[in-house]
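Okay, handing you the structure first.
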Amino acid sequence: MKSPSQTNAIDFDSAKLQRLGFGQRPPVLERPFSLAQLRQQLGQQLQTSLEPQRILGLFFREIQRVVPLDALTYKHPASDLRLELGQRGHHSVTYSLNHEDENLGELIFRRNQRFSEYEQASLESLLPTLLFPIRNALLYRAATQSALRDPLTGTGNRIAMDQTLQREIEMSRRHLMPLSLLMLDIDHFKNVNDNYGHSAGDDVLKAVAASIKNQLRNVDMVFRFGGEEFLILLSNTNREAAAMVGERLRFAAQAENYKADGNLVELTVSLGCSTLLPGESADSLLRRADSALYVAKREGRNRLQMAG
Ligand SMILES: Nc1nc2c(ncn2[C@@H]2O[C@H](COP(=O)(O)OP(=O)(O)OP(=O)(O)O)[C@@H](O)[C@H]2O)c(=O)[nH]1
């Protein structure tokens, strides 16, 4: 039996998505459109994606058939998720999404005109169509994130780092933007374990990761590279700017008092920094940062070494 060609498969999918209103061009919004019709349509459409951004984007677009809006905000702090769609508006109505005892986030509808009671009732009757799609999307997000996170420190793990580094290198080439990398290692970390125990060492590792994340704009670019080693990817950052970030991280680590088994410990970190060269591979970029880190250690620790 001949298997369907890829072209056929794509045609079928796009036709199906088109019928559900996912065409490339946004459909002309027809009004009036009954609430019951819209509820039915949303019930089908919203379950075709597991991405919160996509689900809320569709919801935001479609509900405007019955309630014109200027903006929609969705917040789910437990998933570290905040999405903003549209512009700001003076008036707002807020709903908390709950399913049984589970909090599925908060939705804020905004616009410059007051919401009438009828409009609020309409929104309330459409909100249930979001519950299961959002719940599935949150579960999916949690599952994919846990596969990509280091459970101890909450930073990205090695798999996430490999994927992100490759993607950032491609972006850097395509958009002709610099890309730098910092490799950070805690100095004499073995002493913390030896003096206070492994579990106290774990607490210190968590605190160091938190201190690194506090100093950075994009916390999604911090990865635990090895035991007490972290890797920080700095997109659109040249050598000089990366050196400044590296020094900032070094000062922050030194300024902080870490708690190990109830005792205050002072720590320093050493860093190696490399900036992507034309045509350079991910391996080579990592190797150069690692060699620079080795030099920083050899030359006395608590320092930043730039790769040559
Ligand atoms: N508590 C804890 N310790 C870890 C973990 N992973 C690695 N380590 C410890 O990190 C220490 C690393 O020690 P070394 O590689 O000798 O380096 P160091 O003592 O930091 O010294 P320098 O890097 O040379 O400044 C070892 O004691 C490891 O057991 C972890 O997940 N938790």
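Each reported figure results from applying straightforward, stated rules to the coordinates on display, with no laboratory input. If you're wondering where the values come from, they're calculated on a predicted model, not measured in any experiment. In this analysis, Cβ positions are derived from the backbone assuming ideal geometry, glycine residues included, and neighbour counts consider all displayed protein chains.
So how many Lys-Lys pairs in the chain land under 20 Å Cα to Cα, not counting same-chain pairs under 8 apart?
On the way: Lys190/Lys206; Lys190/Lys259; Lys190/Lys297; Lys206/Lys259; Lys213/Lys259.
Here the count comes out as 5.
Could I ask something else about it? Toward the positive end of the charge dipole of the chain, about the Cα centre and with charges on Cβ (Lys, Arg +1; Asp, Glu -1), which of Met183, Leu131, Gly197 goes farthest?
Leu131
Then there is this: Which one, Met244, Ile159, Ser122, is farthest towards the positive end of the dipole of the chain when Lys and Arg carry +1 and Asp and Glu -1 on their Cβ?
Ser122
In degrees, nearest 10, range 0 to 90: what is the angle between the Cα axis of helix 282-298 and the longest Cα principal axis of the chain?
On a 0 to 90 degree scale, this one is about 40.
Can you grab the distance from the C-alpha centre of the range 212-265 to the C-alpha centre of the range 65-83, Å, no decimals?
So the two Cα centres are separated by 32 Å.
On to the next question. Rounded to the nearest angstrom and ordered from largest down, what semi-axes does the equivalent ellipsoid of the range 211-276 get from its C-alpha gyration tensor (root of 5λ)? It would help to have the intermediate numbers written out before the result.
On the way: eigenvalues 109, 32, 23 Å².
Taking √(5λ) for each eigenvalue gives 23, 13, 11 Å, largest first.
Please compute the modelled spin-label separation between Phe33 and Lys75, points set 7 Å along Cα→Cβ, answer in nm with one decimal.
2.9
Report the residue, chosen from Gly89, Gly201, Gly246, that carries the largest GNM mean-square fluctuation when the chain is represented by alpha-carbon nodes joined by springs under 10 Å.
Gly89
Find how much the distance from Arg301 to Tyr118 grows on full extension, using 0.36 nm per residue of separation minus their present alpha carbon separation; answer in nm with one decimal. Before the final figure, lay out the partial values.
Details: separation 183, 0.36 × 183 = 65.88 nm, distance 6.68 nm.
Answer, rounded to one decimal: 59.2 nm.
Just to confirm the number: angle between the C-alpha axis of helix 198-214 and the first principal axis of the chain, 0 to 90 degrees, nearest 10?
Value to nearest ten degrees: 60.
Let me ask something else. With a/c under 1.5 counting as rounded, go ahead and sort the chain into rounded, prolate or oblate using the C-alpha gyration tensor (a ≥ b ≥ c being the square roots of the eigenvalues; past the cut-off, prolate if a/b is larger than b/c, else oblate).
Values: a/c = 2.53, a/b = 1.86, b/c = 1.36.
It is prolate, given that a/c is not under 1.5 and a/b is the larger ratio.
I'd like the per residue volume of the convex hull spanned by the Cα atoms of the range 150-306, given in cubic angstrom. Numbers along the way, then the final one.
Numbers: hull volume 15.1 nm³, N = 157.
In the range 150-306, the Cα hull volume divided by residue count equals 96 Å³.
Still on this structure: Only four residue types carry charge here, +1 at the Cβ of Lys and Arg and -1 at the Cβ of Asp and Glu. Report the dipole size of the range 34-146 about the Cα centre in Debye, rounded to the nearest 20.
Value, rounded to 20: 360 debye.
Moving on to the next point. To the nearest 10 degrees, how steeply does helix 128-148 sit against the main Cα axis of the chain, on a 0 to 90 scale?
The angle comes out near 20 degrees.
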